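None of the figures in this text is laboratory data; all of them are computed from the coordinates on show. Since the model is a prediction, treat every value here as computed from it, not as a measurement. Here the Cβ positions follow ideal geometry from the backbone for every residue, glycine too, while neighbour counts run over all protein chains shown.
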Amino acid sequence: MKFFIDTANVDDIRKANDMGVICGVTTNPSLIAKEGRNFNEVIKEITTIVDGPISGEVKATTTDAEGMIAEGREIASIHPNMVVKIPMTVEGLKAVKVLSKEGIKTNVTLIFSANQAILAAEAGASYVSPFLGRLDDINQPGIDLIRTIAEIFDIYGYETEIIAASVRNPIHVTDCALAGADIATVPYKVIETMTKHPLTDQGIAKFQADYKAVFGE
Ligand code: E4P
């Protein structure tokens, strides 16, 4: 399973990229707003850090296909690695159809059912983003959705890749890997937590103590 980082914070993107574990970035309107920076400016900076797919979402206030198509073309023109993130609606699917025919990559977001994922794949989406954590939040096991989509895409040989989104903790990551997600998009805090284990810390402390006892500093 591949990893993307789910943030518009360039410091976190740099840290994860330096670790060598991420090969892409996803953003959304809330993440861009959190940074309080101009969309184009922050997206351009991200393209200088990570050489891989970077999802930039159409404006949250754009709901018609024509508007999403126009914005999608602008987003795609920022950099060849750009992926246009489009919400799962009838208008969104129309936009995906047009943009994908133009060779523009798309990521259909806010996927909460297998049927939505099938429709997005049929419309030509490069990626679908099922939201694991938000389903868990309403007492529906999000991981079941990831597993079901992976199974369906496998049966029919869809090339659309599954990005497990709304990943909130390290257990989600393991579950996504087992469920067959192609990619997990993960906040920096979760990536950092994944590196940790108390026995690793204890082991390092013991190696240091044993070494210093014989060889000094
Ligand atoms: C990524 O594509 C999504 O926008 C993101 O993972 C949503 O995460 P959240 O549910 O924690 O806001």
Which of M68, N169, I49 sits closest to the plus end of the dipole of the chain, meaning its Cα is farthest towards the positive end, when Lys and Arg get +1 and Asp and Glu get -1 on the C-beta?
I49
Total Lys pairs in the chain closer than 12 Å by alpha-carbon, pairs eight or more apart in sequence or interchain only?
4
Based on Cβ point charges of +1 for Lys and Arg and -1 for Asp and Glu, what charge dipole magnitude is obtained for region 149-195 about its Cα centre, in debye rounded to the nearest 20?
300 debye
To test your reading of the geometry: what angle, between 0 and 90 degrees and rounded to tens, separates the Cα axis of helix 198-215 from the longest principal axis of the chain?
40 degrees
Using a simple charge model, +1 on the beta-carbon of Lys and Arg, -1 on the beta-carbon of Asp and Glu, nothing else, what dipole does region 1-160 show about its Cα centre, in debye to the nearest 20?
160 debye
Quickly work out the N40-to-E66 label distance, labels modelled 7 Å from Cα along the C-beta direction, and quote it in nm with one decimal.
2.3 nm
Hey, fewest Cβ within 10 Å first, where do E66, E35 land in order?
E66, E35
Apply 1/(1 + (r/R0)^6) to the Cβ-Cβ distance of K101 and T193, taking R0 = 41 Å, and write down the FRET efficiency to the nearest 0.05.
0.50
I need V90, V186, V50 ordered by Cβ neighbour count within 10 Å, fewest first.
V90, V50, V186
How much mean residue ellipticity at 222 nm does the chain get from its helices, if each DSSP H run of length 4 or more adds -39500 (n - 2.57) and you divide by all residues, to the nearest 500 deg cm²/dmol?
-16500 deg cm²/dmol
List the residues, sorted by chain then number, that are 5 or more residues from V83 or on another chain and whose placed amide H is less than 5 Å from its amide H.
I54, S55, G56
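At a threshold of 8 angstrom on Cα-Cα distance, excluding pairs fewer than six apart, so keeping six or more, what relative contact order does region 2-215 reach in percent?
16 percent.
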Which distance in nm do the two modelled labels at Q202 and H79 give, with both placed 7 Å along the Cα-to-Cβ direction?
4.3 nm
Using r as the Cβ-Cβ distance of A177 and D210, and R0 as 35 Å, what FRET efficiency do you calculate, to the nearest 0.05?
0.50
Determine Rg/Rh for the chain; Rg is computed over alpha-carbon atoms and Rh is the Kirkwood hydrodynamic estimate from the same atoms.
1.06
Of the trypsin sites (Lys or Arg not before Pro) in region 1-73, those whose Cβ has at most 15 other Cβ within 10 Å and which sit in DSSP loop:
R37, K59
